[in-house]
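A.B. asks: Take this structure, written in structure tokens, and hold onto it; I'll ask about it next.
The values are calculated or read from the model by the stated rules, or taken from the named source; none is laboratory data. All values derive from a computational prediction rather than experimental measurement. With ideal geometry, Cβ positions are generated from the backbone for all residues, glycine too; neighbour counts draw on all protein chains shown.
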Amino acid sequence: MIDWRCQAAPHAWHVTSPHIGEDEGVFEQLRFLVNVHGLGRVVLIAHENCAFYSERLHVSSLQLETQQRDNMKKAVQRVRSLSRSLSVNAFFARKHEKGVIQFESVEL
């Protein structure tokens, strides 16, 4: 049977990215969750048209997805530093017609 234990930390991956600025509190929270719950896998998900990037970071719509994917790759490396045995996956969520969400694997 698959163990589907899950802990969510909204916006956690982008604040662990060195490009944006490290928030040690969030990184320590993630470390705590990995250790206490014995997590073997962390999944990072970014999504199209993210208001954090467009409104707070003022990233141009032309650069938005590229910037998100670049930051995701950096965040994956940082999260992987928590444990050698930790599996980290990254996905980009895109909304299609009729509310269908497609998750694209981010090449690392």
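A.B. asks: Quickly run through segment 83-99 and pick out the residues that are exposed (fewer than 11 other Cβ atoms within 10 Å of the Cβ) and over 21 Å from ARG69 (Cβ atoms).
C.D. replies: ARG84, SER85, GLU97, LYS98, GLY99
A.B. asks: Right, next: What residue, of ASP3, ASP23, is exposed (fewer than 11 other Cβ atoms within 10 Å of the Cβ) and at pLDDT below 80?
C.D. replies: Sole residue among the options that is exposed (fewer than 11 other Cβ atoms within 10 Å of the Cβ) and at pLDDT below 80: ASP3.
A.B. asks: Now a separate question. Which residue pairs have Cβ atoms closer than 8 Å, lie 6 or more positions apart in sequence or on different chains, and pair a first residue in segment 27-40 that is over 14 Å from SER87 (Cα atoms) with a second residue that is of a type in the set (D, E, K, R)?
C.D. replies: PHE27/ARG78; HIS37/ARG5
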